[in-house]
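Quick notes on the structure that follows.
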Amino acid sequence: QVNSLASYFDCSMQLLKPNIRNALFNVENRAIYTKLRNSAPTVYTGESRIINSYVADGCVIEGEVENCILFRGVRVGKGTVVKNCILMQDTFTGNNVSLNCVIADKNVTICDNRVLSGHTTMPFYIPKATMI
């Protein structure tokens, strides 16, 4: 499982590179199909900072996000720094959280003042519906 998790992480992070993204999505006459969920647009507060990340609709970003993929409904709390992470649908981070190389499955709650870090070759995985 560790190798497949690292592979998933690596392949997902590759999508943040413009040349990879363009090779996959900028192909003439190729339709892209998505699942619609009529969520509100993402909210970015005055304190938020986003660098080189994909952020889906319905998120609330109050902290910093860098080199991340955030699925629908993710919340990043005040003072929170999320780097090199994949946060799946409806993941909630409290305030003053630090995440690096983390994969959080759906409906994960990360409480205030937590520090979680993996490595690109061994990301820290949080199972579905877990509270930390």
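The values are calculated or read from the model by the stated rules, or taken from the named source; none is laboratory data. What you see is a predicted model, and the numbers here were worked out from it, not measured in a lab. Using ideal geometry, Cβ is built from the backbone for each residue, glycine included, and neighbour counts are taken over all protein chains shown. Only protein heavy atoms, including side chains, enter the accessible area calculation; ligands, DNA and RNA are left aside. Shrake-Rupley method; radii C 1.70, N 1.55, O 1.52, S 1.80 Å.
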Inset, instruction - Give 115, 97 a once-over and let me know the one that is open to solvent by less than 60 Å² (accessible area, probe 1.4 Å), within 23 Å of residue 131 (Cα to Cα) and either of a type in the set (Gly, Ala, Ser) or without any contact (Cβ under 8 Å) to a residue 40 or more places away in the chain (or both). - result: 97
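Please state which one of 129, 40 is closer than 22 Å to residue 4 by Cβ, in contact (Cβ under 8 Å) with a residue 12 or more places away in the chain and either among the hydroxyl-bearing types (Ser, Thr, Tyr) or assigned to a loop (DSSP other than H, G, I, E, B) (or both).
Numbers: 40 fails: closer than 22 Å to residue 4 by Cβ.
129 is the lone residue from the list that is closer than 22 Å to residue 4 by Cβ, in contact (Cβ under 8 Å) with a residue 12 or more places away in the chain and either among the hydroxyl-bearing types (Ser, Thr, Tyr) or assigned to a loop (DSSP other than H, G, I, E, B) (or both).
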Inset, instruction - Answer with yes or no whether residue 58 is touching a residue at least 24 places away in the same chain (Cβ under 8 Å), part of a loop (DSSP other than H, G, I, E, B) and either in contact with a Ser or Thr (Cβ under 6 Å, 6 or more places away or on another chain) or open to solvent by less than 40 Å² (accessible area, probe 1.4 Å) (or both). - result: no
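Of these, 101, 59, which one is of a type outside the set (Phe, Trp, Tyr) and under 21 Å from residue 4 (Cα atoms)?
Sole residue among the options that is of a type outside the set (Phe, Trp, Tyr) and under 21 Å from residue 4 (Cα atoms): 101.
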Inset, instruction - Please work out if residue 24 is among the aliphatic types (A, V, I, L, M), open to solvent by 60 Å² or more (accessible area, probe 1.4 Å) and part of a helix (DSSP H, G or I). - result: yes
Legend entry - residue 110 open to solvent by 50 Å² or more (accessible area, probe 1.4 Å) and among the hydrophobic types (A, V, I, L, M, F, W, C): no
